[in-house]
Every structure is written in structure tokens, then in C-alpha cells.
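All remarks here apply to the structure that follows.
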Amino acid sequence: MTDRASIGRAGLVLLTLAALALALWTGGGPAAGQREARDATRLDDLQALAGFALCLADEDGAVPDTLHDHPACAPMPRLADPYDGTPYGYARIPDDSFRLCATFEAPDMVPVRSGPTGRFDPASGCLTTRRDPR
Amino acid sequence: MSRTATLQDFTRNALAAGRTPQEIAAALAAAGWSAAEIRDALDAWAIHPGLPPVPRRARTALSAGLALVEGLHLVALGMVAGHLIALIFTLIAIWLPQGVPAPYWVVTQLRWPMAALVVFLPLWLWSARKARPAPGQRRPALSVWAGHLAVFVATLSLLGDALAVIYRFLSGDATAVFLLKALVVAVIAGLVILAMEERRRD
């Protein structure tokens with residue numbers, strides 16, 4: 001009976017170790033988690049900037065050509081990547097819309113999101129937002 | 001004299017009279033004693049030529065410390081089995097996607113079961129070692145009950161697994177991935193039953 005118990009214990013241990021090894025290889029270790037956290041911060045920044053740009057558009061009556069301070073829309077969100085200092089990209093595009101872009105480290109892990117601040121495309125790293133006609 | 005004391009007394013006298021354990025077991029079985037009762041009665045005595053039956057030490061006394069270890073052992077086993085199944089299911093979802101690729105967040109689901117396994121697998125092995133009785137001693141009844149409880153839950157898992165397989169088969173939805181997941185549950189439940197075997201038989 002002890003032999004059967006040993007087989008059971010050894011089987012569970014080996015299966016667990018194999019699954020852990022495959023999971024670590026698949027999902028990455030702490031570095032992968034840190035990359036995801038940094039990318040999540042970048043996406044949050046883009047969404048905050050999109051909300052800011054929409055506020056400016058409401059105040060100015062049109063999507064702005066550049067992001068600038070405005071008392072009604074203060075405070076101005078962060079304009080650059082907090083990890084490497086690269087400025088976020090902002091561009092006005094046709095159809096009363098604008099695009100905000102950042103460089104993501106693991107774009108595949110960034111969720112595709114659609115919401116009031118626009119639609120995020122992981123492939124390009126850009127958040128595209130259209131101003132609602134008033 | 002209680003019936004158990006009567007059984008012990010009979011067994012001791014029969015062994016002292018030179019009867020073999022097989023003869024005694026057959027007589028007790030014919031009188032209606034259960035196999036477990038007969039095994040316990042015979043296990044209570046050691047046979048040494050030239051000596052009367054030597055009483056074996058009873059089961060290890062249940063201490064609060066041992067109860068704590070047994071509780072940890074059961075919890076650790078449940079955490080290991082449950083999170084191992086969750087981890088393998090997630091790996092299957094990533095590596096064997098059905099139709100469309102797994103969504104981005106599935107990879108993040110690997111981390112919690114990984115953390116649980118890193119904590120509870122060593123605890124399970126440690127508690128199994130800690131609860132092992134000294135040579136010549138038997139486990140306390142609580143350990144035997146704990147073993148049966150684990151096997152009960154594992155058996156229910158196996159039955160539920162079989163039920164799910166048959167249901168999906170009848171629904172025409174028994175995909176290869178589903179069958180692989182059912183196999184994972186069956187293998188892990190089977191390993192749990194094997195691992196708890198010595199507790200149940202002690």
C-alpha cells in the first residue's frame with residue numbers, strides 16, 4: 001500500500017512541477033508582469049489624455065491641433081511616458097477625431113478596449129477617439 | 001465486558017492456544033464480525049514463538065498538534081489538486097485554443113494557481129511526512145478519517161467527470177479539448193486516491 005501511496009505522491013509532484021515549468025515558460029516571470037503593469041499605466045495615460053482632449057474640444061468648439069493648458073480642463077495629464085520619457089503622440093485626424101499613441105512593450109498583452117475615450121488598437125499602440133457631435 | 005473486549009479476549013486466547021490468524025479470522029467471519037473488526041483484532045497482537053500473544057501498542061494518540069498537521073494536510077491537498085487543475089486548464093486554453101486564440105488576459109490567469117502551488121505543494125509534502133506514524137505504530141483514527149474524506153471528494157470528482165463526459169458526448173459536443181480536460185481531472189483525482197491509500201488502509 002505504501003508503494004501505491006508513493007506513486008500517487010510522486011505523480012502529483014511531477015505533474016505539478018511540469019505544469020509550473022510550462023506555465024512559467026508560457027506566461028513569463030516577474031519581468032513579464034512588470035511589462036504588463038507599465039503598459040497598463042501607458043494605456044491609462046492615453047485614456048486620461050483623450051478625456052482631456054475631449055474637454056478642450058468642448059471648450060474650443062473643435063478638436064484641438066495640439067494639447068494645451070486650459071483652466072476648464074485642468075489639470076493637464078502626463079504628456080510623456082513616465083518610464084522612458086518618450087512624449088506620447090497626439091494627432092488630429094479627419095472626421096472630428098484625434099489619435100493618441102504610445103510605445104508598448106508587450107502590445108499583445110494590452111487589451112483591446114472600446115469606451116467613451118475611444119478605441120484602443122494594440123497593433124498600432126494608438127487610441128482613436130471621435131468627438132460626439134453636439 | 002463490551003463486545004470489543006470480548007473480541008480482543010477471544011483473539012488473544014485463540015492465538016495463545018496456537019490457532020493461526022487465518023483460522024481465527026474464518027471463525028470470526030462465520031460469527032458475523034466484519035473484515036475491519038477482524039483485522040483490528042488480529043493486528044492488536046504480535047506473535048512471537050515461545051511467548052504468549054504480545055499486545056501491540058494501540059493507535060498513536062491524537063494530539064492537538066497532530067490534528068493541526070492533519071488539517072493542514074487536507075487543506076494543502078485540496079489547494080494543490082484544485083489549483084493544479086486550474087493551471088492545466090489555463091495552459092490548455094492557451095496552447096490548444098478552440099477556434100479563436102485565447103484572449104490576452106488568459107496568460108495572467110496562470111499566476112494565481114502558480115503561486116498557490118508553490119506555497120501548498122511543499123506544505124502538503126511536509127505535513128504528509130510530519131503525520132507519518134513512528135515505526136510499529138498505527139495512525140490515529142482522525143488520520144484514517146482524513147484519508148477517507150479525501151478519497152470521498154476525489155471519488156465525487158471522478159463521478160462528476162464521468163457524468164460530464166457522457167453528457168457532452170450525448171450533446172454531440174465531446175471535443176478533443178474537453179476530453180483532454182476531463183482526462184486531467186481523472187488523472188489528478190486518481191493520484192489523490194493513490195496518495196491517500198496508506199492512510200485508509202492503516
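The values are calculated or read from the model by the stated rules, or taken from the named source; none is laboratory data. Everything numeric here is computed off the predicted structure, so don't read it as measured data. Cβ sites come from the backbone with ideal geometry, for glycine too, and all protein chains shown count toward neighbours. Accessible surface is based on the protein model in full, side chains and every heavy atom, while ligands, DNA and RNA are left aside. Shrake-Rupley method; radii C 1.70, N 1.55, O 1.52, S 1.80 Å.
Things worth noting here:
- Meets criteria (free of Cβ contacts under 8 Å to residues at least 12 places away in the same chain and of a type in the set (Gly, Ala, Ser)) for B:Gly172: yes
- Condition broken by B:Val69, with the remaining ones in (1) modelled with pLDDT of 90 or more; (2) within 14 Å of chain A (Cβ to nearest Cβ); (3) open to solvent by less than 60 Å² (accessible area, probe 1.4 Å) satisfied: (2)
- Yes/no for A:Ala48 being in contact with a Ser or Thr (Cβ under 9 Å, 6 or more places away or on another chain) and either more than 11 Å from chain B (Cβ to nearest Cβ) or at positive phi (or both): yes
- Screening B:Thr90 with (1) in contact with a Leu (Cβ under 7 Å, 6 or more places away or on another chain); (2) more than 11 Å from chain A (Cβ to nearest Cβ); (3) of a type in the set (Ser, Thr, Tyr) gives one miss only, at (2).
- Helices (runs of 4 or more DSSP H) enclosed by region B:121-202 - at least 1 residues per element that are at pLDDT 95 or above: B:141-170, B:176-195
- Spans of helices (runs of 4 or more DSSP H) in region B:1-82 with at least 2 residues of a type in the set (Val, Ile, Thr) and over 19 Å from B:Leu142 (Cβ atoms): B:3-16
- Comparison of B:Leu117, B:Leu110 shows that the only residue that is within 11 Å of chain A (Cβ to nearest Cβ), part of a helix (DSSP H, G or I) and touching a His at 6+ places or on another chain (Cβ under 8 Å) is B:Leu117.
Per-residue answers, yes or no, for (1) at pLDDT below 85; (2) in contact with a Cys (Cβ under 9 Å, 6 or more places away or on another chain); (3) open to solvent by 80 Å² or more (accessible area, probe 1.4 Å); (4) closer than 30 Å to B:Val177 by Cβ:
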position	(1), (2), (3), (4)
B:Pro52	no, no, yes, no
B:Ala58	yes, no, no, no
B:Leu87	no, no, no, yes
B:Ala93	no, no, no, yes
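- A:Ala37 meets the conditions (1) in contact with a His (Cβ under 6 Å, 6 or more places away or on another chain); (2) within 14 Å of chain B (Cβ to nearest Cβ) in every case but one. The failed one is (1).
- Residues of region A:81-113 classified as surrounded by fewer than 15 Cβ atoms within 10 Å (Cβ to Cβ), outside any strand (DSSP E or B) and away from chain B (no Cβ under 14 Å), total: 9
- Selection of region A:115-133 for residues being in a strand (DSSP E or B), at pLDDT 80 or above and open to solvent by less than 100 Å² (accessible area, probe 1.4 Å) yields A:Gly118, A:Phe120, A:Asp121, A:Cys126, A:Leu127, A:Thr128, A:Thr129.
- Pair list, Cβ under 8 Å, 6 or more apart: region B:121-138 residue more than 10 Å from chain A (Cβ to nearest Cβ), other residue among the β-branched types (Val, Ile, Thr) and open to solvent by less than 100 Å² (accessible area, probe 1.4 Å): B:Ser127/B:Val69; B:Lys130/B:Val69; B:Ala131/B:Val69; B:Pro133/B:Thr60; B:Ala134/B:Thr60; B:Gln137/B:Thr60; B:Arg138/B:Thr60
- Region A:78-102 residues that are over 13 Å from A:Ala62 (Cβ atoms), paired with ones that are among the charged types (D, E, K, R) and in a loop (DSSP other than H, G, I, E, B) (beta carbon under 7 Å, 6 or more apart): A:Tyr88/A:Asp81; A:Ala102/A:Asp81
- Which numbered condition A:Pro75 fails, given (1) more than 14 Å from every other protein chain (Cβ to nearest Cβ); (2) in contact (Cβ under 8 Å) with a residue 40 or more places away in the chain: (2)
- Test: residue in region B:176-186 that is closer than 22 Å to A:Ala5 by Cβ, open to solvent by less than 80 Å² (accessible area, probe 1.4 Å) and in contact (Cβ under 8 Å) with a residue 40 or more places away in the chain: yes
- On inspection, B:Ala64 does not qualify as open to solvent by less than 80 Å² (accessible area, probe 1.4 Å) and either more than 12 Å from every other protein chain (Cβ to nearest Cβ) or of a type in the set (A, V, I, L, M) (or both).
- The residue that is farthest from B:Leu142 (Cα to Cα), among those in region B:95-105 that are aliphatic (A, V, I, L, M) and surrounded by 12 or more Cβ atoms within 10 Å (Cβ to Cβ), is B:Ala102.
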